[in-house]
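Working notes for the structure below.
Readers should treat all values here as calculations from the given coordinates under stated rules, not as data from a laboratory. What you see is a predicted model; the values in this text were computed from it and never measured. Neighbour counts are summed over all protein chains in view; Cβ atoms, including those assigned to glycine, are modelled from backbone coordinates with ideal geometry.
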Amino acid sequence: MSSTTPTLHEIENAFQPAKEISDIERFAGRAKPVTEAFLALLASGANLAIVGNRGIGKTSLARQIQNFGRGDNGLIQKLAIGLDHVHDFNVMYFACGTGVDDRDALLARLLTSDNCLGPWLYDVPKNRRLINALSPKLSAKIFGVGAEVGTSQTIDETRELVVVPQVIEGIFENVVRNLVEQRLTRDGVLIVIDEFDQIKDPAGIGPFLKAMATNTENVKFCIIGVAADIQELMREHESADRLFAGTIIALDPMSGNELSEIIKLAEEKIHNYIKFSDAAQTRLVELAQGHPYLVHLVGKFAFRDAYRNNKHIIESQDIDLVLQSIAENGSDPVLEGRYRKAVASSRQREIVLKALAANQDDRGEIWTTNAYKEALEKGVDNSSQYVGQLVTEEFGAEIERVRERYYRFKDSLFCAYVKARPSMRGLARDS
Ligand SMILES: Nc1ncnc2c1ncn2[C@@H]1O[C@H](COP(=O)(O)OP(=O)(O)OP(=O)(O)O)[C@@H](O)[C@H]1O
Ligand SMILES: [Mg+2]
């Protein structure tokens, strides 16, 4: 055991459930997707897409793409994947969040956002002239109603422009091209668009990005979102796969070794002052079911409790206590809220929900025969009635029917939470 006692600040930040991993040293595993992404940046005219479940590590991977896209190969060296090339992109990152409705809104936000093209709008002379020459209607669309642009515009400046595009796509394309022409970076511009799934109507975005990357040299896009595949992400039926040919990274759940590495890195962060016993580590890795988020969430509270109680080893039973307090305190209010909505104060419905979560096969499907058997052992003899409720909006519609007698959880993170969460206390049985 080390002699240095960590500070409370170090304890609280050794795990990081609330934030993606930007640091190279704290990024665990993922050698294969990192390699794929690194190579995708080498392919000219190709874009990149990353899809995967909620909380699986998409944004963290995006931050690493940002690191090596800018030429920091620390992660490549750490993973020893022998890629002897140094990228030199001007990398921009934008997370859609809520409030990006469609293609025009997305392009307007990319143009004006500080982490994206915003800083270049007025720094590149050609862009400045372009923006100054916009019609009031168009500038309102980009900068918002009432925004003032280009009071310093002169006749000389506007005359230089042959045509001012009358649609946002045209402006966007020009602004990006003008920036690339500055040759500030050897490889041009890489625009990372995260949380793409939040865009209400993404119609036309895919083809536009594809055309941009093909027509304009040295421009690449990396789009990221919660989805099972590229079709679902783009909600584009025709050949969405071809739009991102070759470089679609489907981020899988993390392996047991990768999750163990997260635990090891956190322990090192506090100089091994507190460690997980082997059994506790196994338990934590198992309950996470491939979701790094759950390792960080449970790990964080386990460290906190151990530190407060002056314990240096976290045992398996401590993990159970932590899970109990995470549930009771609603430490993840969203997951806990969904759990409560599904259970809705019924002991039987909770038993059925947990039986479903415990009986997923390796494809994430649940054969009701198995789940009902388990529920029956716990005293519920009308499981199908509760399953009928759990698929409805009233109970959160967390599960869906795949086919006759097969169901699945829509969100594997929620499924893992249901499995790990201790049963609610004091629930009454339905009459
Ligand atoms: N490679 C990794 N090593 C260590 N921790 C990771 C790794 N990838 C993700 N995490 C952790 O897992 C959690 C979720 O990561 P992240 O935010 O990157 O996922 P996401 O897929 O973008 O999630 P969301 O769907 O909510 O946007 C965070 O706590 C992050 O710190
Ligand atoms: Mg994310």
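Taking other Cβ within 10 Å of each residue's Cβ, how do ARG103, ARG186 sort, fewest first? Spell out each step's value before the answer.
Values: ARG103 21, ARG186 12.
Placing the least packed residue first, the sequence is ARG186, ARG103.
With respect to the cross-link table entries LYS78/LYS220; LYS311/LYS410; LYS200/LYS378; LYS200/LYS410; LYS220/LYS275; LYS58/LYS354, which display a Cα-Cα separation exceeding 31 Å?
Cα-Cα > 31 Å for LYS311/LYS410; LYS200/LYS378; LYS220/LYS275; rest within.
Run the quick spin-label model on ALA43 and LEU184: label points 7 Å from Cα toward the beta carbon, then report their separation in nm to one decimal.
Each label point is offset 7 Å from its Cα along the Cβ direction, giving 2.8 nm.
Could you tell me which GluC sites (Glu not before Pro) in segment 328-431 are loop residues by DSSP with no more than 11 other beta carbons within 10 angstrom of their beta carbon?
Loop-located and lightly packed - GLU404.
Tell me the label-point distance for the pair ALA211, SER255, using the 7 Å Cα-to-Cβ offset, in nm and rounded to one decimal.
Between ALA211 and SER255, the label points sit 4.3 nm apart.
Can you tell me the FRET efficiency between SER345 and ASN382 if r is taken as the Cβ-Cβ distance and R0 is 22 Å, rounded to the nearest 0.05?
Working from the Cβ atoms, E equals 0.80.
For n ≥ 4 DSSP H runs only, could you compute -39500 (n - 2.57) per run for the chain, divide by its residues and tell me the 222 nm figure to the nearest 500? Numbers along the way, then the final one.
Numbers: 22 runs with 209 residues, N = 431.
Calculated at 222 nm, the ellipticity per residue is -14000 deg cm²/dmol.
Test of the criteria: in segment 352-405, which trypsin sites (Lys or Arg not before Pro) are in a DSSP loop and have at most 11 other Cβ atoms within 10 angstrom of their Cβ?
Here the trypsin sites (Lys or Arg not before Pro) that fit, given the DSSP loop and packing criteria, are ARG363.
Let's test the formula: R0 of 45 Å, r as the Cβ-Cβ distance of ARG242 and LYS78. What FRET efficiency results, to the nearest 0.05?
0.85
I want to verify a result. In a Gaussian network model of the chain, Cα cutoff 10 Å, which of these has the top mean-square fluctuation: VAL86, VAL352, VAL51?
Checking each option, the largest mean-square fluctuation is seen for VAL86.
Starting with the fewest neighbours, write out ILE56, ILE313 ranked by other beta-carbon atoms found within 10 Å of each beta-carbon. List each step's numbers first, then the result.
Numbers: ILE56 23, ILE313 12.
By the 10 Å Cβ count, ascending, the order reads ILE313, ILE56.
With the dipole of the chain worked out from charges on the C-beta (+1 for Lys and Arg, -1 for Asp and Glu) around the Cα centre, which of ALA250, SER44, VAL91 lies farthest toward the positive end?
Looking along the dipole axis, the top candidate is ALA250.
Given Cβ point charges of +1 (Lys, Arg) and -1 (Asp, Glu) and nothing else, what value in debye, to the nearest 20, does the dipole of segment 31-251 about its Cα centre take?
220 debye
What aspartates and glutamates sit close enough to LYS341 to cross-link, taking a C-alpha to C-alpha distance under 18 Å and skipping anything fewer than 8 places away on the same chain?
GLU328, ASP332, GLU350, GLU393, GLU394, GLU398, GLU400, ASP411, ASP430
Return MET92, MET234 ranked ascending by Cβ neighbour count within 10 Å, so the fewest neighbours appear first.
Lowest to highest Cβ neighbour count: MET92, MET234.
Evaluate the charge dipole of the chain about its Cα centre and quote only its size in Debye, nearest 20, assuming +1 on the Cβ of each Lys and Arg and -1 on the Cβ of each Asp and Glu.
Magnitude of the dipole: close to 440 debye.
If you take the charge dipole of segment 31-251 about its Cα centre, with +1 on Lys and Arg Cβ and -1 on Asp and Glu Cβ, which of VAL34, ALA213, ILE193 is farthest toward its positive end?
So the residue we want is VAL34.
With a 10 Å cut-off between alpha carbons and a GNM built on the chain, which of LYS32, LYS419, LYS210 moves the most?
Between LYS32, LYS419, LYS210, it is LYS32 that shows the largest mean-square fluctuation.
According to a simple spin-label model (label point 7 Å from Cα along Cα-to-Cβ), what is the distance in nm between ALA18 and GLU400?
Label at GLU400, label at ALA18, 3.2 nm between them.
If you put +1 on each Lys and Arg Cβ and -1 on each Asp and Glu Cβ, how big is the dipole of segment 333-420 around its Cα centre, in Debye rounded to 20?
Once rounded to the nearest 20, the dipole reads 80 debye.
With an 8 Å Cα cut-off and a minimum separation of 6 or more residues, compute the relative contact order for the chain in percent.
19 percent
Under 19 Å from a point 7 Å along the Cα-to-Cβ line of THR35: which residues of segment 53-75 have their amide N that close?
Output list for this probe position: 61-62, 64-65, 68-69, 73-75.
If I take R0 = 25 Å and measure r between the Cβ atoms of ASN309 and ARG429 in this structure, what FRET efficiency does the formula 1/(1 + (r/R0)^6) give, to the nearest 0.05?
Plugging the Cβ-Cβ distance into 1/(1 + (r/R0)^6) gives 0.10.
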